[in-house]
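**Q** After the structure tokens below, expect a handful of questions from me.
The values are calculated or read from the model by the stated rules, or taken from the named source; none is laboratory data. All values reported here derive from a predicted model rather than from experimental measurement. Note that we place each Cβ from the backbone using ideal geometry, even for glycine, and neighbour counts take in every protein chain shown. Accessible surface areas use protein heavy atoms only, side chains included; no ligands, DNA or RNA. Shrake-Rupley method; radii C 1.70, N 1.55, O 1.52, S 1.80 Å.
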Amino acid sequence: MAFYYRRARPASAAPRAASARPSAAVSAALNALRGPFVVADLETTGLSTASCEILEFAAVRVGEGGAAEQEYAQVVRTRASVPPFITRLTGITQSEVDRQGVPVAQAFAAFLAFVGDLPVFFHNASFDRRFLDAAALQTGLPFANATHCTLVLARRAWPELPSHKLDVLARHVGASEPTHRALADVRTTVAVALAASSRLAAV
């Protein structure tokens, strides 16, 4: 679930071409994409770590050749009920949480075991990182992996696009449409990350 606000571009401003020298963050991300790496996503019950919870973890481990090797997904048994607007957005119902959810400490521990010490990519990483840091504080389980942002990569790879939301990028690169279920969105983000890497390698 990647929430972010797109900065408005003045009507007279043309898309900026990528500068010859990538930023340190972009360089580090491109280096990490040589693999192996993990792409992950969280669904949450809202925007604030103070009042909202992680609802679902998902991750895909990608090998050096860019092929998906393993997948992980787990619904969390949240302390509060799933808000109706989140059910409408994600399709995750209270019934699913009650039947399949596990406590956040258990889901987070399994997520950490899955990612190991690999770099982890998110679309709009700052959002997911805030919730992971909150989970680490709540559970006492540290999350110290290097994290990278496919949103940053996409903005550099395709500055001409009017938006870099995941659904727009999916259509642009011919990937499956995101659904706001974490694993489906991760699969789309893998495709976007690899396409951005190829695009930037050719610049």
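**Q** Quick one: how many residues across the stretch 23-71 are farther than 17 Å from L89 by Cβ, in contact with a Cys (Cβ under 8 Å, 6 or more places away or on another chain) and not small (G, A, S)?
**A** Residues meeting the conditions: 0.
**Q** Looking at the stretch 64-78, which of its residues are open to solvent by less than 80 Å² (accessible area, probe 1.4 Å), part of a strand (DSSP E or B) and touching a residue at least 40 places away in the same chain (Cβ under 8 Å)? Please lay out each step first, then the result.
**A** Kept after step one, since they are open to solvent by less than 80 Å² (accessible area, probe 1.4 Å), are these residues of the stretch 64-78: 66-68, 72-76, 78.
If we keep only those that are part of a strand (DSSP E or B) as well, we get 68, 72-76.
Selection gives A68, Y72, A73.
**Q** Further question: Would you check if there is a residue in the stretch 123-131 being modelled with pLDDT of 95 or more and either farther than 25 Å from G35 by Cβ or touching a Gly at 6+ places or on another chain (Cβ under 6 Å) (or both)?
**A** The initial filter retains those residues of the stretch 123-131 that are modelled with pLDDT of 95 or more, namely 123-131.
When the remaining residues are screened for being either farther than 25 Å from G35 by Cβ or touching a Gly at 6+ places or on another chain (Cβ under 6 Å) (or both), the result is 130-131.
Checked against the condition, which is being modelled with pLDDT of 95 or more and either farther than 25 Å from G35 by Cβ or touching a Gly at 6+ places or on another chain (Cβ under 6 Å) (or both), the stretch 123-131 yields at least one hit.
**Q** So which helices (runs of 4 or more DSSP H) stay within the stretch 137-203 end to end and still have 2 or more residues that are in contact (Cβ under 8 Å) with a residue 24 or more places away in the chain, open to solvent by less than 30 Å² (accessible area, probe 1.4 Å) and more than 24 Å from T90 (Cα to Cα)? Lay out the reasoning, then the answer.
**A** Working: elements: 150-157, 166-173, 182-202.
Those helices (runs of 4 or more DSSP H) span 150-157, 182-202.
**Q** May I ask you to list the residues in the stretch 37-51 that are of a type outside the set (S, T, Y) and either in contact (Cβ under 8 Å) with a residue 40 or more places away in the chain or in a strand (DSSP E or B) (or both)? Lay out the reasoning, then the answer.
**A** Filtering the stretch 37-51 down to residues of a type outside the set (S, T, Y) leaves 37-43, 46-47, 50.
Across the stretch 37-51, the qualifying residues are F37, V38, V39, A40, D41, L42, E43, G46, L47.
**Q** Please state which one of V60, V26 is of a type in the set (A, V, I, L, M, F, W, C) and out of contact with any Asp or Glu (no Cβ under 7 Å at 6 or more places or on another chain). Talk me through it step by step, then tell me what you get.
**A** Values: V60 fails: out of contact with any Asp or Glu (no Cβ under 7 Å at 6 or more places or on another chain).
Only one candidate qualifies: V26.
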